[in-house]
Amino acid sequence: EGEKFILVSHAPDSDSWWNTIKNAMALAGEQVGAEVEYRNPPTGDIGDMARIISQAAASNPDGIITTLADPDVLRGPIEDAVAKGIPVIIINSGTPEQAAEVGALMYIGQPEYDAGLAAGMRAKRDGVGSFLCVNHVVSNPVVGERCRGFADGLGVDLGKSMIDSGQDPAEIKNKVKAYLSANPSTEAVLTLGPTSAGPTIEALKENGMAGSLYFGTFDLGTEIVKGIKDGTIKWGIDQQPFLQAYMPVIILANYQRFGVLPGNNINSGPGFVTKEALEKVEKYAGEYR
Amino acid sequence: MTATKAEPDPSPAPRSGAPEKDERVKEISGFRKAMIRPELGSICGTILVFVFFLLVARDSGMFSAEGVLNWGVVSAQFAIIAAGACLLMIAGEFDLSVGSMIGFSGIVIALMSVTWDFPMWVAIITAFIVAVAIGWLNGYLVIRTGLPSFIVTLAFLYILRGLTIFAAIATTNKTIIGGIRDKAEGDWLAALFGGKILNGLFVWLADLGLIGKFVAGSRAGQPIVDGVPMLIVWALILIVFAHVLLTRTQFGNWIYASGGDAQAARYTGVPVDRVKILMFMFTAFCATVFATCQVMEFGSAAADRGLLKEFEAIISVVIGGALLTGGYGSVIGAALGALIFGVVQQGLFFAGVESSLFRVFLGGILLLAVILNTYIRRIITGER
Amino acid sequence: MTATKAEPDPSPAPRSGAPEKDERVKEISGFRKAMIRPELGSICGTILVFVFFLLVARDSGMFSAEGVLNWGVVSAQFAIIAAGACLLMIAGEFDLSVGSMIGFSGIVIALMSVTWDFPMWVAIITAFIVAVAIGWLNGYLVIRTGLPSFIVTLAFLYILRGLTIFAAIATTNKTIIGGIRDKAEGDWLAALFGGKILNGLFVWLADLGLIGKFVAGSRAGQPIVDGVPMLIVWALILIVFAHVLLTRTQFGNWIYASGGDAQAARYTGVPVDRVKILMFMFTAFCATVFATCQVMEFGSAAADRGLLKEFEAIISVVIGGALLTGGYGSVIGAALGALIFGVVQQGLFFAGVESSLFRVFLGGILLLAVILNTYIRRIITGER
Amino acid sequence: MSTPLIELRDIEKHFGAVIALAGVSLSVHPGECHCLLGDNGAGKSTFIKTMSGVHAPSKGQILMGGSEVKFGGTRNAIEAGIATVYQDLAMIPLMSVTRNFWMGREPKKRVGPLKFIDFETANRVTMEEMAKMGIRLREPNQAVGTLSGGERQTVAIARAVHFGAKVLILDEPTSALGVRQTSNVLATIDKVRKKGIGVVFISHNVRHAMAVGDRFTVLNRGQTLGTAKRGEISPEELQEMMAGGEELAELEGSLGGTV
Amino acid sequence: MSTPLIELRDIEKHFGAVIALAGVSLSVHPGECHCLLGDNGAGKSTFIKTMSGVHAPSKGQILMGGSEVKFGGTRNAIEAGIATVYQDLAMIPLMSVTRNFWMGREPKKRVGPLKFIDFETANRVTMEEMAKMGIRLREPNQAVGTLSGGERQTVAIARAVHFGAKVLILDEPTSALGVRQTSNVLATIDKVRKKGIGVVFISHNVRHAMAVGDRFTVLNRGQTLGTAKRGEISPEELQEMMAGGEELAELEGSLGGTV
Ligand SMILES: Nc1ncnc2c1ncn2[C@@H]1O[C@H](COP(=O)(O)OP(=O)(O)OP(=O)(O)O)[C@@H](O)[C@H]1O
Ligand SMILES: Nc1ncnc2c1ncn2[C@@H]1O[C@H](COP(=O)(O)OP(=O)(O)OP(=O)(O)O)[C@@H](O)[C@H]1O
Ligand SMILES: [Mg+2]
Ligand SMILES: [Mg+2]
């Protein structure tokens, strides 16, 4: 009872997707009676994130849950924490192998590149030969991996397919429209999260391509769910962030209390969310889904 | 003698009591004189930019009705915040919290209307009141503490962004709040920010064949451009308002004076503090107009909206020929600066430039525009 | 008479030819006079901050060896860029491209060493040369065009970030480049930026029981803190260097003069242009030290490193008591500003503050620190 | 004698540790030129800034037309008819002559419910007033920064006269001026005085003061050394008082008595 | 007569459309005080800025000790022994007296391979030099911004003298000064002159010029109206030349001839 767990993410403050993580973590904390804290580098700088992990370790929690956004950077601090005897669980980014390398108990998540690759191969099966990747955080190394995976899955060059859309919705919308008008042969569009998906939906509705252009997106949110429902979006990739935050808290609590630990990593995704089976997703999108 | 700022003081001091022709001064032609205005550089810049994109991206649809609307909307966005930033900069201060204010106002509207279920007009008016009050606080702190506005508004950049994120998460567990469109349906005030006007005109133009129609998809048969977004209308209103205020009214005179030399202005009885605080409030007002239009258009508010917009506002204003040190500038110039900025940004996409180079171009054009600005002013005025 | 900047001109003008006691001036005590220094506010701030966190977060491990190292490293990071920013600000300019420069230098090192397989020392030296050259360009443009450094370096903020992203994507398709640690293994120059020193001392201290040891895992028995990172060493070196340069040398005199009144300095024969350009280069140098330490410590470079660091540098310097307008300030103050900033930032985590409120605190503390600074200066100097 | 236009009684002004004024009294009558003289740092500028509402006095009274007034700011003083030409000129160099001339009291014309500056009137009046002072401007839109020191001085005086100032204060208007410009300014003061306006004229130059002054008040270290009428005091005496009674440097002789 | 310390021949200077100097010549001999007079905007400041390396002349020659020199900047001129006290004072108000005094020529002491400013020497010399000029500073670390105008003037002059200037240029040093301060500065000029230094003294005040000047050159609209020796010209003639020969305003009479 009353253990303290700290979850460290790589996301900047304003990244809306991480809310689900926070909510799930709080829920799990409440259920097992543990104290949970969420921390992140305000600007999304992974260097700062490394400091936060060492800081977390210095405050002697009963467990650390962290993403492995850049294994090179984070290996040192995580290994130090492990060496101090703090159990660590890796979530979200990274791979099971990397998690094992740094001495973490287990890995729960969906490797970004692989998810992108799977999506790309699916799109290829659906007959797509070219695409536009709307990257709203082009300087962020983690999210960009999705585009790279998708391009590799399709077997095309990433170069001119990715745009630096910025985070302003009007600019995203108009940049997508401008790109599509200058490159009319584009067959698909991929957005990397709710921030870019919403304006892209607007863009397609306005230039009449909604429903006819192959549109996939990562992660869920209110607008995305609506888009899937009305057919604008073909599929959304749900990595079920709820599990990525809920499970580690439960597992760590029980590990601390009873010494029990699952024998395997947990793959929380990728799951393709399509028009079918949307009801729950719709209700909790952005909150628990 | 007081040191005069070198910039716009090009002509020689005519000798006192010697109104007859001065043999020591080469004549300055009327044409040249007409050209010595702050917005000159941005006029040249605008022409250059349009010529460039006409050559490079003519066939990309950039100059079709749809394309024009495309960069028009982006430019209008810049222009809305540039109008406020311009007056504030002429009054000798600047505001780095504009971007955070945009995010903040949007979240206030969303929280009030969606989460707490107030009527949309109440939400919008509340957002305006709160934002303008924060603008006042900004100004008050700058005046009272005598600290540079750079520092005070930098603090508010952080504080407002933090409050926005905190408020959104604490009340709704989300940082994107959707569902605003449904709420705004039929609201009188929301229509002022979200709708489009002149719908009929565009249908008529499309029927005449002057603008295209959708040939397929869900909206087949409708004109591709079906109206002028209120965003553009607001941009025009704010530009005209700010321009008239600045050049034609007593208050405008005071704005120039406050930025030109606050001490001197105070001596002649100009209420400098009030002018500056009002300009901070106007900047906050413009940021809220921006936020409201955006929220109405996209139907959602997010805590990360408006990131770095303060720089884009300042860049537009400076491209428009204003002095960063205050006392000199023009709203028309700032509006042209916004236009250049918008056209370049969107034009790069029409022209198919490698997207990761986008920022490089942005920086390069900013630099070129400002250097061009200074250079043109200098060759025309003969200043060294 | 030339207008003197009001701030640090507190004592009354003694009357010419009247060295006898002036009845119109109340005496200023020697103690008070000793206190009138730019770093005074930051000294008080530092004490306040430590007292606060000692009260709030004593049990959180913040003041264990490990905790101290944690905020020590973060403060050292701020101090490295603040050292450059401080001298530059005293010389009357500032640099908004510091953050982008950090990302840029990191990627240059990574590309050279990992992608193109040069020896690590070549990569590091190249990064320094390129960065310092860009610093020179920044300065040259500011001097040549006479534009405010705000605008010129804002352009470079965009240009450098764009180039960084472009270079990374064009060569490796990723915005993150890893594998630097393997490359750095055994390199003489890399060790200067990546290693730790005083290893033996800490083992000895741990043996004495003064600092903790790992109790389990692969490193059981080793001290938790096993040395002082080179980052901290670099911070100390740069602070001492900048402080001595500023206060003890001719060049330091010229830095003050260039920022205090560039025209006057030029009249007395100070090579103002050279001083300013050199300070831009020094700022770039500091940014590259930051980047290199980071790259060596973490083993990877990413295009988004250093985001908004320029503001953090400026904030540290201003908390340290420097005037944004130049000519007044202190490196020690800036270093204390960096310490305050680092302690507060990490301390908030130790104290378990809700993370979305983090920025609110940051902004609030910035505001408080600067107001405290001005206020203390005023009560002590009797200035109004 | 008539009631003074303005009277200041025992004005004190402290800046933190500095006592800039330690009880100074002065009165100005209509049509009189009252010269305020004194050493550097004697408190002349501080005193007239108190008079024109820039500083609030720490102690003492200001009376206008016999009744006490308190100025909350320069605006109050201007409205009460006190116009000041400051030593640090209080013109905004980047702005046009017209805009500077009318600063704070712009003429307005109504367009529907709105009030705009009436630039036509403004420009015309500016040109006229400047012409009256003997300066023909090239055009009213010229920036003040492009005028010579003497011309700027004149704009400030013309402005004060035009707005019906009862008291015109001039703080060292001649110090940076050439011979011709100086005599222009002195002539202008004479002209203004003849209109019944009270003038307060600050100078370091005894000869300039003697040329136009009706009364002379000398300040020293924040205190009045006394007031003298024209004719009651010789230039040499005045100069000695200005120097605070201390010995002047030995060069004095060759300077012929007055510096 | 000896060879002049410095001689300028037919100096022209254009600023864009403005012809500030249209051929001005002047020479300064050791131990002489050469007064440069003229109306506002006559080109006096521009001329001496050419002399001290701030501006490069558009045309004309500068000779020192008989051979032509070209100044690439103020540093060159300072090294050649030309020290200037500018009208806009060229002191940095935020910095201490010592630092200002030594600006650009800081005394150094070696510490190993490094060179630091020798503050001990610097402070001592500053105090001494200021004392020689009759100013006792409270402490050498006082900021220049806290000095009075006259004291600042003196710092600038003391600096020039200390660094062994051969030519000392003073641009309107007395315009803002009180009576006592003015006579101090004039006495200082006299002192400096007696050391064999050539002085160029700019003033609008004929009496100040007559008090210390050995030769007088009058500029008008960028041209020399002529040079006169002391005794060859009366104050009245000089004044008339300074005003450019134009009529002075009618007040002239009451001013007693010289303004
Ligand atoms: N704002 C202020 N804060 C502190 N001290 C001040 C302030 N203004 C003036 N003083 C001081 O008050 C005294 C009087 O200054 P003031 O400017 O009135 O002198 P003055 O007679 O006008 O001199 P000058 O002939 O040089 O213009 C000086 O010692 C000055 O330093
Ligand atoms: N940098 C410059 N650019 C353009 N014109 C200039 C510049 N410097 C001076 N001038 C012009 O050159 C002329 C001479 O100016 P200068 O300052 O030399 O006059 P001055 O004789 O010193 O006058 P004063 O007695 O008022 O100090 C003036 O018309 C002035 O406007
Ligand atoms: Mg004064
Ligand atoms: Mg001059």
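Ranking E:I11, B:I376 by solvent-accessible area of protein heavy atoms (1.4 Å probe, all protein chains present), from largest to smallest, gives B:I376, E:I11.
Taking amide H as placed 1.01 Å from N in the peptide plane, D:T224 has its amide H under 5 Å from the amide H of D:S25, each at least 5 places away in sequence or on another chain.
Inter-copy label distances for C:T325: 1.0 nm (label point placed 7 Å from Cα along Cα→Cβ; shortest first).
Can you give me the Rg/Rh ratio for region C:146-232, using Cα atoms for both radii and the Kirkwood formula for Rh?
Working: Rg = 21.0 Å, Rh = 17.2 Å.
Rounded to two decimals, Rg/Rh equals 1.22.
Using each residue's phi in region C:331-341, evaluate 6.51 cos²θ - 1.76 cosθ + 1.60 at θ = phi - 60° and report the 3J(HN,Hα) Karplus result to the nearest Hz, with x for Gly and Pro. Computed from phi, the couplings for region C:331-341 are 5, 4, x, 4, 5, 5, x, 5, 5, 4, 4 Hz. Based on every Cα atom in region C:211-342, Rg and the maximum pairwise Cα distance Dmax equal 18.9, 68 Å.
Based on the Kirkwood approach, the hydrodynamic radius assigned to chain C is 22.4 Å, with every pair of different Cα atoms included. Here the accessible area of the protein assembly as shown is 58 percent carbon and sulfur, with a 1.4 angstrom probe and all protein chains present.
Over chain A, all Cα pairs binned in 5 Å intervals from 0 give whole-percent P(r) values of 1, 6, 13, 16, 18, 15, 11, 9, 6, 3, 1, 0, 0, listed from short to long. Taking the alpha carbon gyration tensor of region E:28-76, multiplying each eigenvalue by 5 and rooting it gives semi-axes of 19, 16, 10 Å, largest first. Among the listed pairs E:K70/E:K115; D:K195/D:K229; D:K132/D:K229, a Cα-Cα separation exceeding 23 Å is found for E:K70/E:K115; D:K132/D:K229. In this assembly of identical copies, the label point of E:N141 (Cα plus 7 Å along Cα-to-Cβ) is separated from its counterparts by 5.6 nm, sorted shortest first. Residue-wise HN-Hα couplings along region A:73-79, as the Karplus relation 6.51 cos²θ - 1.76 cosθ + 1.60 with θ = phi - 60° gives them from phi, are 6, 8, 4, x, x, 5, 4 Hz; Gly and Pro carry x.
Across peptide C:301-311, the mean count of Cβ atoms from other chains lying within 10 Å of each residue's own Cβ comes to 6. A compact globular protein would have a Cα radius of gyration near 2.2 N^0.38 Å; the ratio found for region C:204-255 is 1.93. Expressed per residue, the C-alpha convex hull volume of region E:1-112 stands at 169 Å³. In chain C, excluding the sites themselves, the longest stretch lacking any of the GluC sites (Glu not before Pro) that are in a DSSP loop with at most 12 other Cβ atoms within 10 Å is C:186-384. Debye-formula intensities of region B:132-195, expressed as log10 I(q)/I(0) at q = 0.15, 0.18, 0.21 Å⁻¹, are -0.72, -0.84, -0.89 (one equal scatterer per alpha-carbon, no solvent).
Derived from the Cα gyration tensor, the three semi-axes of the equivalent ellipsoid of region D:109-198 are 26, 17, 11 Å, largest first.
Could you give me D for region E:38-184, from Stokes-Einstein at 10 °C and 1.306 mPa s, where the hydrodynamic radius is the Kirkwood radius over C-alpha pairs? Units µm² s⁻¹, please. D, rounded to a whole number, is 96 µm²/s.
Computed over every Cα-Cα pair of region C:61-197 and binned at 5 Å starting from 0, the pair-distance distribution P(r) comes out as 2, 9, 15, 18, 17, 16, 12, 8, 3, 1, 0 percent. Please list, by residue number, every one of the GluC sites (Glu not before Pro) in region A:240-289 that is coil in DSSP and has at most 10 other beta-carbon atoms within 10 Å. Listed in order of number, the matching sites are A:E276.
Around the amide H of E:F15, modelled in the peptide plane, lie the amide H atoms of E:A20, all under 5 Å away and 5 or more residues distant in sequence or on another chain. Please work out, to two decimal places, the log10 of the ratio I(q)/I(0) at q = 0.08, 0.09, 0.13 Å⁻¹ from a Debye calculation in which every Cα of chain D carries one identical scatterer. Summing over Cα pairs of chain D leads to -0.33, -0.42, -0.85.
Placing a label point 7 Å from Cα along the Cα-to-Cβ axis, B:D59 is separated from the same position in the other copies by 7.5 nm, shortest listed first.
Please report the buried accessible area for the interface of D with B, total over both chains, probe 1.4 Å, in Å² to the nearest 100. Before the final figure, lay out each step's value.
Details: alone 12970 and 19200 Å², together 28790 Å².
That pair hides around 3400 Å² of surface in total.
Among the chymotrypsin sites (Phe, Trp or Tyr not before Pro) in region B:255-298, none is located in a DSSP loop while being surrounded by at most 11 other Cβ atoms within 10 Å of its own Cβ. Where chain D is rotated onto chain E, the residue of D whose Cβ comes nearest the axis, and that gap in whole Å, is D:S175, 2. Residues whose amide H lies under 5 Å from that of E:C35, counting only those 5 or more places away or on a different chain, are E:F201, E:D214, E:R215, E:F216, E:T217; hydrogens are built 1.01 Å from N in the peptide plane. Straight-line cross-link reach from C:K196 at under 28 Å between alpha-carbon atoms covers these lysines, not counting any fewer than eight positions away in the same chain: A:K84, C:K183, C:K213, C:K309. Distance from the Cα centroid of region E:113-158 to that of region E:174-228 is 24 Å (rounded to whole angstrom). Each residue was assigned an accessible area with a 1.4 Å probe, and for D:K108 the value is about 100 Å². Would you work out the Kirkwood radius for region C:37-113? I mean one over the mean of 1/r across all pairs of different Cα atoms, in Å. Hydrodynamic radius (Kirkwood, Cα only) of region C:37-113 equals 15.4 Å. With a 10 Å cut-off around each Cβ of E:71-84, the average count of Cβ atoms from other chains is 2. Coupling constants for region C:202-208 follow from the phi torsions by the Karplus curve (6.51 cos²θ - 1.76 cosθ + 1.60, θ = phi - 60°), and in residue order they are 6, 4, 4, 4, 5, 4, 6 Hz; glycine and proline get x.
Once divided by 2.2 N^0.38 Å, the Cα radius of gyration of region C:139-289 becomes 1.51. A DSSP coil position with no more than 15 other Cβ atoms inside 10 Å describes the following trypsin sites (Lys or Arg not before Pro) in region D:38-95: D:K70.
Relative contact order of chain C, taken over Cα pairs closer than 8 Å and 6 or more residues apart, is 35 percent. Global dimensions of the protein assembly as shown from alpha-carbon coordinates: Rg and Dmax equal 35.9, 113 Å.
When you look at the Cβ of every residue in E:184-192, what mean number of other chain Cβ atoms sits within 10 Å?
3
Look at the alpha carbon pairs under 8 Å that are at least 6 residues apart: their mean separation over the length of region B:31-190 gives a relative contact order of 26 percent.
The values are calculated or read from the model by the stated rules, or taken from the named source; none is laboratory data. Note that the structure is predicted; figures quoted are calculated from it, not measured. Here the Cβ is made from the backbone with ideal geometry for all residues, glycine too, and neighbour counts use every protein chain on show. With ligands, DNA and RNA removed, areas are computed over all heavy atoms of the protein, side chains included. Shrake-Rupley method; radii C 1.70, N 1.55, O 1.52, S 1.80 Å.
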